[in-house]
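Peer 1: First the structure, which I've put down as structure tokens, then a few questions once you've had a look.
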Amino acid sequence: MNHGPSTEVRQDYLKIILGLNDEKANGKGFISNKEIANAFHVQPPSVTGIMAKLQQAGLVDWQKRKGARLTANGLAYAKRILEMHRIVESFLATVLKASDAALMQRVACKMEHILLDEPGLARILEESIDDARQRLQQGTAASDLNE
């Protein structure tokens, strides 16, 4: 599935629109440039160029005075980005035993973009998570037997 140039910034915008959309009651409304700009700590005019590019790629329905909403393709892509983010967070917490939430968030935000381009790596991380969870369950079961 080609969504135009796969840049981190565009992916981050899709993820923010998804999050803001989920916060709205009906989840189907337009997200204003101002809301998006506030999420990125930029001025609303800065959002306009990115929205135009995302619309050209068929990822958002963007109307100048109304704002943006994800298209079906944009929604699927944004959910995939979020899935990669969660895989990284889970890997950090489960396999590496990381506990610093801010660190995990920063690393996941960077690595999610890599995983989108490297699906094989995402599978390896998921397998590592599954292995770690199985070892934990086996260890818990063994310690229960010893009690």
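No lab work stands behind these numbers, since they all come straight from the coordinates. Values in this document were obtained by computation on a predicted structure and should not be read as measured data. Glycine gets a Cβ as well: all are built from the backbone with ideal geometry, and neighbour counts include every protein chain shown.
Peer 1: Where does the chain land at 222 nm, in deg cm²/dmol rounded to the nearest 500, when only DSSP H runs of n ≥ 4 count, each adding -39500 (n - 2.57), divided by all residues?
Peer 2: -24000 deg cm²/dmol
Peer 1: Which chymotrypsin sites (Phe, Trp or Tyr not before Pro) in the stretch 17-62 pass both tests, a DSSP loop state and at most 12 other beta-carbon atoms within 10 Å?
Peer 2: none
Peer 1: Still on this structure, please answer the following. How far is helix 119-146 tilted off the main Cα axis of the chain, in degrees rounded to 10, range 0 to 90?
Peer 2: Between helix and principal axis, roughly 40 degrees.
Peer 1: Follow-up. Would you mind ranking HIS85, HIS41 so that the residue whose beta carbon has the fewest other beta carbons within 10 Å leads the list?
Peer 2: Going from sparsest to densest Cβ surroundings: HIS41, HIS85.
Peer 1: So which lysines pass the test for LYS34, namely a Cα distance under 22 Å, with those fewer than 8 places away in the same chain ruled out?
Peer 2: Partners found: LYS15, LYS24, LYS53, LYS64, LYS66.
Peer 1: While we're looking at this one, here's another question. Does anyone have the angle between helix 101-117 and the longest principal axis of the chain? Alpha-carbon axes, 0 to 90°, nearest 10?
Peer 2: The angle comes out near 70 degrees.
Peer 1: Based on the alpha-carbon gyration tensor of the chain and its eigenvalue square roots a ≥ b ≥ c, which shape applies: rounded if a/c is under 1.5, prolate if not and a/b is larger than b/c, or oblate?
Peer 2: Verdict is prolate for the chain.
Peer 1: Let me ask something else. Given H placed on each backbone N at 1.01 Å, which residues far from ILE31 in sequence or on other chains put an amide H within less than 5 Å of it?
Peer 2: ALA68, ARG69
Peer 1: Any idea what the alpha-carbon Rg over 2.2 N^0.38 Å comes to for the stretch 8-75?
Peer 2: Dividing the Cα radius of gyration by 2.2 N^0.38 Å gives 0.95.
Peer 1: Filter the trypsin sites (Lys or Arg not before Pro) in the stretch 43-147 down to the DSSP loop ones having no more than 15 other Cβ atoms within 10 Å, then list what survives.
Peer 2: Loop-located and lightly packed - LYS64, ARG65, LYS66, LYS97.
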